[in-house]
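Note sheet for the following structure.
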Amino acid sequence: MNEFSSLREMSAGLDRGDFSSVELTQAHLDRIQQANAALNCFITINADSALAAAAQADDQRARGSKSPTLGLPFAHKDIFCTQGVLTTAGSKMLSNFVAPYDATVVSNMAAAGMVSVGKTNMDEFAMGSSNENSFFGPVSNPWDHERVPGGSSGGSAAAVAAGLVAGATGTDTGGSIRQPAALCGITGLKPTYGRVSRYGMIAFASSLDQAGPMTRDAEDAALMFSVMAGFDPKDSTSAERRDAWLDATIANGIAALDRPLTIGLPSEYFSDNSNLSYIDIAKTELQRLGHKLVEVSLPHTQAAVPVYYVLASAEASTNLSRYDGVRFGHRCNDPQSLQDLYERSREEGFGEEVKRRILTGTYTLSVGYFDAYYLKAQKIRRLISEDFQQAFTKVDVLLAPTSPTPAFKKNQLTDDHVAMYQQDLYTVPTSLAGLPAISLPCGFCDGLPMGMQLIAPAFGEELLLQLAAQYQGQTDWHLRRPGDSA
Amino acid sequence: MSGLHYQRISMSQEAPDHPQHEGTSVDVGHLAGLARLAIGDDASTQIATDLHAIIEMINTMQAVDTQGVEPLSHPLDSTARLRCDEVTESPNPTHFQSGAPSTVDQYYLVPRVVE
């Protein structure tokens, strides 16, 4: 077993008795302890509770339990409420917040016997594309410590890429699983909106937020996804579905893809001057596997970034109104009035990017502007969604770049907010339409990993995972590690 | 920005059905009041510049023709599910107020509002 073993390989090792979950968990904790100072990908390390959970898993296994996920170490993005554990969302506002209950994702993974070793760093309240907006400091990209890991799930992506954990949870509002997965050379799945419960997941933009797995390969993504997903009566937007393939995937892995697919290439994603040779290689490989590639059009793609920043900021300004210094979280010292308590607690507790988004949302929702911004954006959201529906009458899945650039240098975009927002160019349309998408490593640019994105119709995660597993069965991009020569 | 290649949004900056406000002038003080954020004069200038750039970017969407299009509020166009009106949780103020900044007798303490 080495630091880059997959969850499936660790599961097989536990099953054979090669090592115990306690030994495996301790090895993870040792690596995290060694590497975290340089990477800063963990905010909290749960050594005691992880070892206790691992011991419990070993007991269950000794008593005959054969669950493939039993005793597997992983990490949670620090956006999931975890009872008795610091849960910060990367913010000073919640830097003292110990969650009084578990998010459904947390309880689902605990029920499956998985062992959380800690909580990973992230852009504050999941707002960012570089992980530079965290109150707990930036995360370094394991491929080049001078560069960002992407965001907002940058801590999870860096932890997986560096071999500190084989899997971590992430959340994706406009690309926050897929973009860091691409920039760190790992696999990241954003499920269909409603697949994974949002209960206990600290809200950013409620009509967009969705949790998913970040792993080294599609097999592990499928394993974690199957545990995370499921109907939850505590989330009013949770989808009431019973997909038998999810349970079958836990037991048997991803079912082999049994037919050639028609894969659409949206022309709007390939129209800029970027070096897309890494995608050309992926196209050739997919054709070699028997799939047919056809060009399609998603004509409203260019409106997606402005629409996203209207809707997400409006929802954020509403969701974040709960942080008022009264019931939990940061409170300013010596407030002179209730108004002063609200205003200074929020001014001190929120970082600059969060304030920008709250103010943007406040602007677009304010009297006289609602129709021109929020309502207009909702109408374009329908057009974007219909573009995808139209495309899926002709193709099974879509293929696109995940990110317009490889990992950029720290501080490179911090003063150009609009340029930073353009990092989401290829990921926000899918989010607005609520569709599932997976980012896979598929090549390098200037020695840095690049990702491709596969997008499916709603609830089409199985097809995405099947195609991803087939691709990864024939290629080795997902096996490249930081320090390898590109 | 060197070394980065972006696909720039190429739609017109014109806003045919833009509301009554002129350009994108931003009254940061007013917005900060609505958002309950204490923002000093020093920070206000920079925030106004930042918001101006963001709103200019957002305004590019005004070029899209949305005549006759219904707004989409849920990404899959479905409505929120209602649950049965049954009590499923029980109050536990000691537990849930353990992280509160200031409480007395299960009440949250704030500065006096009425003298």
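The values are calculated or read from the model by the stated rules, or taken from the named source; none is laboratory data. Everything numeric here is computed off the predicted structure, so don't read it as measured data. Using ideal geometry, Cβ is built from the backbone for each residue, glycine included, and neighbour counts are taken over all protein chains shown. Surface areas here come from the heavy atoms of the whole protein model, side chains and all, with no ligands, DNA or RNA. Shrake-Rupley method; radii C 1.70, N 1.55, O 1.52, S 1.80 Å.
A few remarks follow.
- For the stretch A:7-262, the fraction of 1.4 Å probe accessible surface lying on carbon and sulfur atoms is 49 percent.
- Threshold 30 Å², the stretch A:189-215 residues less accessible with all protein chains present than alone (1.4 Å probe): A:193
- Dimensions (Å) - the protein assembly as shown, Cα atoms, principal axes, largest first: 71, 60, 51
- Each of A:72, B:29, A:442 was placed along the dipole of the protein assembly as shown (beta-carbon charges, centred on the mean Cα), and the one lying farthest toward the positive end is A:72.
- Over the stretch A:273-337: Rg over Rh, Cα atoms, Kirkwood Rh: 1.36
- Per-residue packing, averaged as other Cβ atoms within 10 Å, sorts the ranges A:260-271, A:473-484, A:98-109 into the order A:98-109, A:260-271, A:473-484, beginning with the highest.
- Averaged over peptide A:361-373, the number of partner chain Cβ atoms lying within 10 Å of each residue's Cβ comes to 5.
- All Cα pairs of the stretch A:7-262, percent lying beyond 29 Å: 23
- Other protein chain Cβ atoms within 10 Å, averaged over every residue that makes up A:137-149: 0
- In the context of the full set of protein chains, the stretch A:7-262 has a per residue accessible area of 29 Å² (1.4 Å probe).
- Using a 1.4 Å probe over protein heavy atoms, the accessible area lost on pairing B with A, summed over both chains, comes to approximately 6400 Å².
- Ordering of A:69-81, A:17-29 by packing is A:69-81, A:17-29, highest average first (other Cβ atoms within 10 Å, averaged per residue).
- Additional length obtainable on full extension of the chain from residue A:289 to residue A:336, 0.36 nm per residue less Cα span: 10.1 nm
- The stretch A:212-223 - phi-based ³J(HN,Hα) in whole Hz, Karplus 6.51/-1.76/1.60, Gly and Pro as x: x, x, 10, 9, 7, 8, 5, 4, 5, 4, 5, 4
- Net charge contributed by nearby residues that have their C-beta within less than 9 Å of residue A:172 (K/R +1, D/E -1): +1
- For chain A, calculated [θ]222 nm from helices alone, where every DSSP H run of n ≥ 4 adds -39500 (n - 2.57): -11500 deg cm²/dmol
- Extreme residue, positive dipole direction of the protein assembly as shown, given options A:32, A:373, A:246 (C-beta unit charges): A:246
- Counting protein heavy atoms only, the stretch A:274-334 has 46 percent of its accessible area on carbon and sulfur, 1.4 angstrom probe.
- Lys/Arg +1, Asp/Glu -1 at C-beta; the protein assembly as shown dipole; positive extreme among A:56, A:158, A:360: A:56
- Protection proxy ranking for B:34-46, A:434-446, using the average of other Cβ atoms within 10 Å per residue and placing the highest first: A:434-446, B:34-46.
- Members of the stretch A:292-311 that become less accessible by 50 Å² or more once partner protein chains are added (1.4 angstrom probe, chain alone as reference): A:302, A:306
- Whole-angstrom Cα spans of the stretch B:29-115 along principal axes, big to small: 56, 47, 25
- Counting, for every residue in A:324-333, the Cβ atoms of other protein chains within 10 Å of its Cβ and taking the mean gives 4.
- Distance in nm between pseudo-label sites at residue A:52 and residue A:446 (7 Å out along the Cβ direction from Cα): 4.7
- Share antiparallel - DSSP beta bridges, the protein assembly as shown, percent rounded to 5: 70
- More than 29 Å apart - percent of Cα-Cα pairs taken over the stretch A:167-315: 26
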